[in-house]
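Structure first, commentary second.
The values are calculated or read from the model by the stated rules, or taken from the named source; none is laboratory data. For clarity, every value in this text was computed on a predicted model and none was experimentally measured. Cβ sites come from the backbone with ideal geometry, for glycine too, and all protein chains shown count toward neighbours. What goes into the accessible areas is simple: the full protein's heavy atoms, side chains included, and nothing from ligands, DNA or RNA. Shrake-Rupley method; radii C 1.70, N 1.55, O 1.52, S 1.80 Å.
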Amino acid sequence: MEHLRDGDEPAFGIEALDHLQVVLTTNQGFQYSVNPSRISVTFASRAKIKHRTAMETTIENLSEVKPFSELLPLVCEKLIEAAMLLPSAEKRRFSRIGIVSRTLAQETEFPPGIKKLIEHLGKPWAGGLDAYNVSLTAQLGSSSKWAERCIHQLAKSDAGGGNVPILNLDWQRAFKAEQHLNREALVREMNAARSAAVHYMEELAEGNMFDEDLTG
């Protein structure tokens with residue numbers, strides 16, 4: 001994990017702390033969440049307000065925003081590191097790995113596949129969709145060891161103004177038998193899951209799966 005002090009100052013903030021959950025965000029922007037059934041690492045851009053004078057303030061970015069393709073390997077590494085720091089880690093097991101991509105972008109900036117999906121959903125109406133809030137859970141495939149699915153959430157408000165559509169992809173691989181929580185197994189399964197998740201998200205973004213007549 002990152003250094004948690006910057007000189008005499010803490011280099012993190014605590015968002016939740018009780019007997020069931022701990023959530024902290026480091027100045028580098030990585031948010032760690034631990035509860036009895038799940039551990040996760042998320043990138044959340046972090047900033048602080050600096051007061052120059054009584055009338056003048058500035059915002060200082062503490063974390064560097066990077067593309068998803070660069071952030072995902074870092075997040076996976078930090079998740080593995082954090083998991084191995086859990087008390088009695090060698091006695092624990094894991095049954096699911098999830099990789100989530102959350103994007104805020106104007107519809108003109110959506111990848112071709114998402115544009116095609118929204119266009120398909122709006123086909124029954126001549127004017128298309130001014131707003132939507134859709135959740136689609138799709139089974140992607142399975143093997144003798146695991147099953148994969150992805151929860152797709154698309155939302156656009158009709159309030160107008162500066163509302164930006166949200167695209168949330170929650171890719172999951174559930175194991176049919178629990179896996180031992182050791183570094184070798186976790187690295188192996190995390191790398192495999194990351195590769196499969198990125199492949200699916202890229203395929204979805206390209207949109208070739210929507211080129212057939214979906215209503216035929």
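Observations on the structure shown:
- Cα convex hull of the stretch 158-212 - mean projected area over all directions, nm²: 7.1
- Net charge contributed by nearby residues that have their C-beta within less than 15 Å of residue 118 (K/R +1, D/E -1): -1
- Around residue 94: net Lys/Arg minus Asp/Glu count, Cβ-Cβ under 9 Å: +1
- Dividing the convex hull volume of the alpha carbon atoms of the stretch 86-188 by its residue count gives 144 Å³ per residue.
- Most to least accessible of 170, 211, 158 (protein chains only, probe 1.4 Å): 158, 211, 170
- All other residues whose Cβ lies under 10 angstrom from that of residue 130 are scored, Lys and Arg at +1 and Asp and Glu at -1, for a net of 0.
- Accessible-area rank, largest first, for 201, 209: 209, 201, with all protein chains present and a 1.4 angstrom probe.
- Gain in span if fully extended, residue 209 to residue 139, counting 0.36 nm per residue against the direct Cα distance: 23.8 nm
- For residue 146, distant residues with modelled amide H under 5 Å away: 176
- Largest to smallest in accessible area, the residues 152, 19 fall in the order 19, 152 (1.4 Å probe, all protein chains included).
- Karplus-derived HN-Hα couplings along the stretch 17-26 (A = 6.51, B = -1.76, C = 1.60, θ = phi - 60°), whole Hz, x at Gly and Pro: 7, 8, 6, 10, 7, 10, 10, 9, 10, 7
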